[in-house]
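Novice: Once you've had a glance at the structure underneath, I'll fire off some questions.
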Amino acid sequence: MKNLGNIMKQAQQMQAKMGEMQAKMAEIEVTGASGGGMLRVVVNGKGDLRKVTIDKSLVDPEDVEVLEDLIVAAFNDAKGKADAAMQDEMAKLTGGLNIPGLKLPF
């Protein structure tokens, strides 16, 4: 039973560290860009969109589809960076262990 108590204690410590990591990830921001940097989006570590910056030269009422595509591309770029940051933080937390069933972001 002593081992079970140790395992439970370690699980509680891991849970606390994961909560801290999630809070930290909500605070970091990453920038994604498209159109040669003329369109930028900022997302937090959880992938929530925080800001969109569009160069005025991209705004053409006759060609909205290009702008829409650039927004999607910039968001996907930022989201990929946020996911990579989350994986890096998770590797630090778990010491590089691959824990089955643990997929991030939550």
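Novice: Check 84, 26 and return the single one that is free of Cβ contacts under 8 Å to residues at least 12 places away in the same chain and within 10 Å of the chain's Cα centre (by Cα).
Specialist: That would be 84, the only listed residue that is free of Cβ contacts under 8 Å to residues at least 12 places away in the same chain and within 10 Å of the chain's Cα centre (by Cα).
Novice: For segment 6-15, state whether one or more residues are closer than 13 Å to residue 76 by Cα and touching a residue at least 40 places away in the same chain (Cβ under 8 Å).
Specialist: No, segment 6-15 contains no residue that is closer than 13 Å to residue 76 by Cα and touching a residue at least 40 places away in the same chain (Cβ under 8 Å).
Novice: Here is a check on your reading of the model: is residue 2 of a type in the set (D, E, K, R) and under 24 Å from residue 92 (Cα atoms)?
Specialist: On the way: of a type in the set (D, E, K, R): yes; under 24 Å from residue 92 (Cα atoms): no.
So residue 2 does not fit the description; no.
No value in this document is a laboratory result; all are computed from the given coordinates. Given the structure is predicted, the values throughout are model-derived calculations rather than measurements. Every residue, glycine among them, receives a Cβ derived from its backbone with ideal geometry; neighbour counts consider all protein chains shown.
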